[in-house]
1. Multiplying the sequence separation of residue 82 and residue 14 by 0.36 nm and subtracting their Cα-Cα distance, what value in nm do you get?
2. Report the FRET efficiency, 1/(1 + (r/R0)^6), for residue 49 and residue 71, where r is their Cβ-Cβ distance and R0 is 25 Å, rounded to 0.05.
3. Determine which aspartates and glutamates satisfy two conditions relative to residue 34: a Cα distance under 17 Å, and not lying fewer than 8 residues away in the same chain.
4. Between residue 21 and residue 62, 0.36 nm times their residue separation minus their Cα-Cα distance comes to what?
5. In terms of modelled amide H atoms, which long-range or inter-chain residues lie less than 5 Å from the amide H of residue 9?
Amino acid sequence: MKKNVNYHYYVEGENEKSLLDVLKSELKCIESGKVEKFNVIQNRFTVARMRPLKNGVVIVLVYDTDVETNTEILKYNIDRSEERRVGKECRWN
């Protein structure tokens with residue numbers, strides 16, 4: 001386990017949230033971190049959502065591939081996540 005590394009998991013729904021809670025707490029196979037419901041395929045990250053995250057945070061996106069494939073929004077969210085991971089200021093629309 002890495003010390004001083006923060007993890008933030010964005011999951012699509014309750015099922016994924018429950019799965020990650022079990023993987024973190026009971027099985028201890030993923031790093032501990034905050035789990036938040038947010039559909040990264042249907043919704044774009046906003047500055048307000050990303051600003052509270054610490055610089056250097058590891059953001060993990062968990063989503064179903066059987067729902068819809070809107071790669072434009074997913075790509076946008078991945079780009080915003082990468083900016084936060086490397087510590088850039090949140091100043092995008």
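1. Between residue 82 and residue 14, full extension yields 22.0 nm more.
2. Working: r = 20 Å, r/R0 = 0.80.
About 0.80, to the nearest 0.05.
3. The qualifying aspartates and glutamates are 12, 14, 16, 21, 26.
4. 13.5 nm
5. Under 5 Å from the amide H of residue 9: 34, 35, 36, 60.
Just so you know, all these numbers are worked out from the coordinates, no wet-lab data involved. From a predicted model like this one, the values you see are computed outputs, not experimental measurements. Heads up, the Cβs are rebuilt from the backbone with ideal geometry, glycines too, and the neighbour counts pull from every protein chain shown.
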